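> Below is a structure I'd like to ask you about.
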There are 2 protein chains.
Amino acid sequence: MAATMHDVARLAGVSIKTVSNVVNGYPYIRETTRARVLAAIDELDYQLNVAARNLRTGRTGIIALAVPELSLPYFAELADSVIEAADVQGLTVLIEQTGSRRERELEVLSGARRHLTDGLIFSPLALGAGDEDLLRVDFPVVVLGERMFPDSVDHVTMQNVEAARAATEHLIALGRRRIAVVGVHPGEVVGSAGLRLAGYQEALEAAGIPVDERLLGEAGLWHRATGAEAMARLLEDGAEPDAVFALNDAMALGALHELQVRGLRVPQDVAVIGFDAIDEGSYSNPSLTTVDPGREQIASTAVRLLIEQMRSRPAEHVPQRVYADFSILERGSTVVEAPAVRPRVHA
Amino acid sequence: MAATMHDVARLAGVSIKTVSNVVNGYPYIRETTRARVLAAIDELDYQLNVAARNLRTGRTGIIALAVPELSLPYFAELADSVIEAADVQGLTVLIEQTGSRRERELEVLSGARRHLTDGLIFSPLALGAGDEDLLRVDFPVVVLGERMFPDSVDHVTMQNVEAARAATEHLIALGRRRIAVVGVHPGEVVGSAGLRLAGYQEALEAAGIPVDERLLGEAGLWHRATGAEAMARLLEDGAEPDAVFALNDAMALGALHELQVRGLRVPQDVAVIGFDAIDEGSYSNPSLTTVDPGREQIASTAVRLLIEQMRSRPAEHVPQRVYADFSILERGSTVVEAPAVRPRVHA
DNA sequence: TCCCCCGTCTACAACGATGTAGCCTGGCAC
DNA sequence: GTGCCAGGCTACATCGTTGTAGACGGGGGA
């Protein structure tokens, strides 16, 4: 069927290895030889067989990205960024969805696809405290997010505590005092939920506002739907918030929706701030104030660290922890936007 | 480093081929032998080297999914569905982002990754009329969407014309007469834009409403931002619409945002309907009426057809065209929702 | 003049699995 | 007792590439 190096070699009148050398850019080849080989490749429409190269070299040119779900916009946008960053480096990305299921996350770390990829960028959700050892694997891994902290592994993360504190301070500066949180994971300490809640508490404390347990809205999965549900519960339980800090944008948008369905005005009655800076938040009504956690920076840093690991002997790589820069994007869900000019309206 | 079949064979005291036979479920193996081999596999923590198997068998267990962009929610959700459907069949999905760039779409069809995958599910945007021949490739392909129609290729698609007609009829039934379209590609006939516009025109015609060119809002890329821009242009050019049919949900949400920023009430002043039924539309304010084009059905059908192609000789596979079922999801952007009970509000 | 080195190229053996062919053993029919 | 067959297993070649070692010819330094 498809042409192999053998066919090219015969047509060009050289050895197979010379074809290989041409393909791989080996320098010591006479120009005339190189031209003949390239002509033969062109004529036969030859394509390198990646599987064979993989077998021989042990490298695949593929890195895996394991995320909970692509239908969560943050992870879709993260995947987009990772694919772009990897493409620049000539790498292909294989996306694994773990569905936040522990068993699938374990599979990713130990699984059969290891031979198919040169490394893994891993954004765990289900694995947690006590699972640190599982990350000590013998292939390149970069961890995203906040779940685990073995120092032996590269780690790219957000400044969760600081950013959450800044988000809360933004609400406090607006005069809000009854600030609800949506997406709390009770008892969690090291995960994103725990850290962001800690930032929230720091800000309240600094402002001398007591923490009211009734304002803490639980939500296991961080979807739009769970954000709406948590918001509904807060309202029905009489928490009477004047602001909401949703621990991610998807929940913030769900909460925003729920507030408006119930006739509450945002931001006048309740201000809402999210976390992630997904594109969607720019187009909600009102648009969503949020924390930009530096997604692109996280993606490109993760790819860079992974490549460094891939290129160095395991022993000589010094694991790093990188914190991306963050910023608060102030939009209409906390600050009343300039009154719009009412345009021509049809009669 | 990692154990190979050779190591397992030595430990179990059998030949390499017997190990291979055990791994592949070959039936004629004594129970005691099988047990010994399995024990050895377990002890050595042996993992099959996929690259080697690929080289030998020519199969990889990977299928490629080529989409324009994961940051477009429809494609993120489609990818999610395809990954799930493929996983059920024991296949891994490699996602390629083409960024709607013609050159990247060509690469996907002819590119080097062919050796890495057993087939391709391809959602083209940039390729168009005249490119039909490019799809006659010698490996399994299933095409999604509306761009090209060679009968020689499997094709899973939406009922674009009918669904768009139904969407427009929904608006007409609500008494709207000046229905703007957002996302028009002037001159296009076979693409999603062309077909959906055709459905729109059919509906107007059937209702005896003349088509007003000024109501056709152009947008090349179908993002939230382009939807908002097209909406702004329509309003500024004095088109005075009383309804908007956005050709996808992302643009619909952009348009919705733009309308509200300008102080227009949705649906009272302008009704909005989208197309795609992305999750996000359930949580906008108001929630978005849209066309559900049967995304899950499309994904699972595409995977099924691809597997059929992979299993049969090229000659004996009869290409099919499958149209997914659609439905209209009526929500708050066209129909005023039941007035919400105003809950306890903080003083 | 001789030797070495450099540029250019080739032969051969691997990478780790699987397909093919065939060996051996025991049981059964004749 | 012989022949045959099926079950259970093995040896070997092979997939298409790349790493290693080394061949070869010509130019420059000793």
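The values are calculated or read from the model by the stated rules, or taken from the named source; none is laboratory data. As the structure is a prediction and not an experimental result, all values here were calculated from the model. Cβ atoms come from the backbone with ideal geometry, glycine included; neighbour counts cover every protein chain shown.
> Does B:Val82 satisfy the condition of being more than 8 Å from every other protein chain (Cβ to nearest Cβ) and at pLDDT 95 or above?
Details: more than 8 Å from every other protein chain (Cβ to nearest Cβ): yes; at pLDDT 95 or above: yes.
When the stated conditions are applied, B:Val82 passes them.
> Look at A:Pro241 and say whether it is within 11 Å of chain B (Cβ to nearest Cβ), more than 14 Å from A:Gly332 (Cα to Cα) and touching a residue at least 12 places away in the same chain (Cβ under 8 Å). Don't jump to the end; show me each part of the working.
Numbers: within 11 Å of chain B (Cβ to nearest Cβ): yes; more than 14 Å from A:Gly332 (Cα to Cα): yes; touching a residue at least 12 places away in the same chain (Cβ under 8 Å): yes.
Against the criterion (within 11 Å of chain B (Cβ to nearest Cβ), more than 14 Å from A:Gly332 (Cα to Cα) and touching a residue at least 12 places away in the same chain (Cβ under 8 Å)), A:Pro241 qualifies.
> Then there is this: Quick one: would you say B:Arg59 is of a type in the set (Lys, Arg), within 12 Å of DNA strand C (Cβ to nearest atom) and either within 14 Å of another protein chain (Cβ to nearest Cβ) or farther than 30 Å from A:Phe75 by Cβ (or both)? Let's see the steps before the verdict.
Numbers: of a type in the set (Lys, Arg): yes; within 12 Å of DNA strand C (Cβ to nearest atom): yes; either within 14 Å of another protein chain (Cβ to nearest Cβ) or farther than 30 Å from A:Phe75 by Cβ (or both): yes.
In short, yes.
> Tally up the residues in the range B:282-303 that are closer than 25 Å to B:Leu94 by Cβ and in contact (Cβ under 8 Å) with a residue 40 or more places away in the chain, please.
So the count comes out to 10.
> Where residues in the range B:283-311 are within 30 Å of B:His115 (Cα to Cα) and among the hydrophobic types (A, V, I, L, M, F, W, C), which of them is surrounded by the most Cβ atoms within 10 Å (Cβ to Cβ)? Can you show your working first?
Step one: filter the range B:283-311 for residues within 30 Å of B:His115 (Cα to Cα), giving B:295-311.
Restricting the remaining residues to those that are among the hydrophobic types (A, V, I, L, M, F, W, C) gives B:298-299, B:302-303, B:305-307, B:310.
On the way: B:Ile298: 25, B:Ala299: 25, B:Ala302: 29, B:Val303: 27, B:Leu305: 23, B:Leu306: 27, B:Ile307: 20, B:Met310: 15.
Result: B:Ala302.
> Working only within the range B:266-277, note down all residues that are facing chain A (nearest Cβ under 9 Å) and at pLDDT 95 or above.
Initially, the range B:266-277 is screened for residues facing chain A (nearest Cβ under 9 Å), giving B:266, B:269-270.
Matches in the range B:266-277: B:Asp269, B:Val270.
> Give the range B:16-55 a look and list any residue that's within 24 Å of A:Ala51 (Cβ to Cβ), among the aromatic types (Phe, Trp, Tyr) and within 11 Å of DNA strand D (Cβ to nearest atom), or say none.
Hit for the range B:16-55 is B:Tyr26, nothing else.
> Among all residue pairs at least 6 apart or on different chains, which show Cβ distances below 7 Å where the first residue, located in the range B:132-144, is over 12 Å from B:Ala64 (Cα atoms) and the second is among the β-branched types (Val, Ile, Thr) and surrounded by 24 or more Cβ atoms within 10 Å (Cβ to Cβ)?
B:Leu135/B:Val141; B:Leu135/B:Val143; B:Leu144/B:Ile121; B:Leu144/B:Val156; B:Leu144/B:Ile298
> I'm trying to understand the selection: among the residues of the range A:1-15, which are within 11 Å of DNA strand C (Cβ to nearest atom) and closer than 16 Å to A:Val50 by Cα?
The first filter runs over the range A:1-15 and keeps only residues within 11 Å of DNA strand C (Cβ to nearest atom), leaving A:5-6, A:9-10, A:12-15.
Matches in the range A:1-15: A:Met5, A:His6.
> Taking the range A:229-239, which residues are buried (at least 20 other Cβ atoms within 10 Å of the Cβ) and closer than 20 Å to A:Leu125 by Cβ?
Across the range A:229-239, the qualifying residue is only A:Ala230.
> Moving on. One residue is enough: does the range B:240-252 have a residue meeting the conditions surrounded by fewer than 20 Cβ atoms within 10 Å (Cβ to Cβ) and either at pLDDT 95 or above or farther than 21 Å from B:Ser327 by Cβ (or both)?
Of the range B:240-252, the ones surrounded by fewer than 20 Cβ atoms within 10 Å (Cβ to Cβ) are B:240.
Still in the running and either at pLDDT 95 or above or farther than 21 Å from B:Ser327 by Cβ (or both): B:240.
Yes: one or more hits.
> Determine the pairs where a residue that is under 13 Å from A:Ile41 (Cβ atoms), located within the range A:1-29, has a partner that is part of a helix (DSSP H, G or I) and of a type in the set (Asp, Glu) with Cβ atoms under 7 Å apart, the partner being 6 or more residues away or on another chain.
Here the result reads A:Leu11/A:Glu43, each pair linking the range A:1-29 to a residue that is part of a helix (DSSP H, G or I) and of a type in the set (Asp, Glu).
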